[in-house]
Amino acid sequence: MTDRIPLDDLTSDQLDQLYADLDRYEEVVGELNEANTTLQREAARGDRLYHSRNRWADHAGRLQERALTAEARVRELEAAAPEVDRRSLHAQHVAALTDAYPDLRHTADHIANLVLGVRDEHVRELEQRVAELTAGQCTHALAVCEQHHRVPVTGCPYPRCKAAAARTA
C-alpha cells in the first residue's frame, strides 16, 4: 500500500502544496545541473593544467639535462686547456700596448690586468699601494692622517693609527 492520497480526495491547499513542491524540485534540479556543468568545466580545466604542467616539467628536465651536459663540457675543456702563465702573458700584453701606443705607457699595466681578467688580484695590489701612499702622506702632517683615512692604516706614525694597529695585532 502507498501513502498517496487519491486525486479526488485532495484539497486545493494540498494541490497547491504539491505544485509548490514540484516547482522547488525543478529549481533544485536546475541548480544541480548548473553545478554539474561548472564542475565538468573545472575538471576539464584541471586536466588541461595537469597536462600543461607535465609538458613544462618535461621541458624543464630537458633543459636541465642540456645545462648539465654543457657544464660537463666546460669542465672537460678547462681540464684540457694548457696552464697559462699569467705573469708572462701580462708582460707580453704590456710590451705590445706600449709598442703600439707609447702615450699609454703609464696605464699599460692596468689595461693588461683588465684584459687578462686578473682584476681582483690587481685591485688588491692597487689598494695596498694606496694604503702605502696614504701612510707615507701621514708622515708629513697629523691633519693629513685625520683627513685621508678614517680607517687606521698600518704604517701611519700617528697615535690614532698606532693604537688601532696595536688593538688588531
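Each Lys or Arg adds one and each Asp or Glu subtracts one; over the other residues with Cβ under 14 Å from the Cβ of residue 58, this totals +3. Length gained on full extension, residue 16 to residue 41: 5.2 nm, using 0.36 nm per residue less the C-alpha separation.
Computed from the Cβ-Cβ distance with R0 of 45 Å, the FRET efficiency linking residue 66 to residue 103 stands at 0.40.
Treating each Cα of the range 11-80 as an identical point scatterer and ignoring solvent, apply the Debye formula and state log10 I(q)/I(0) at q = 0.19, 0.21 Å⁻¹. Computed log10 I(q)/I(0) values: -0.85, -0.91.
May I ask you to derive the FRET efficiency for residue 127 and residue 80 from their Cβ-Cβ distance with R0 = 35 Å, giving the value to the nearest 0.05? Efficiency, from the Cβ-Cβ distance: 0.50.
Every number in this text was worked out from the coordinates using simple rules, so none of it is lab data. Worth saying up front: this structure is predicted, and the values here are computed from it rather than measured. So basically every Cβ, Gly included, is an ideal-geometry build from the backbone, and we count neighbours across all protein chains shown.
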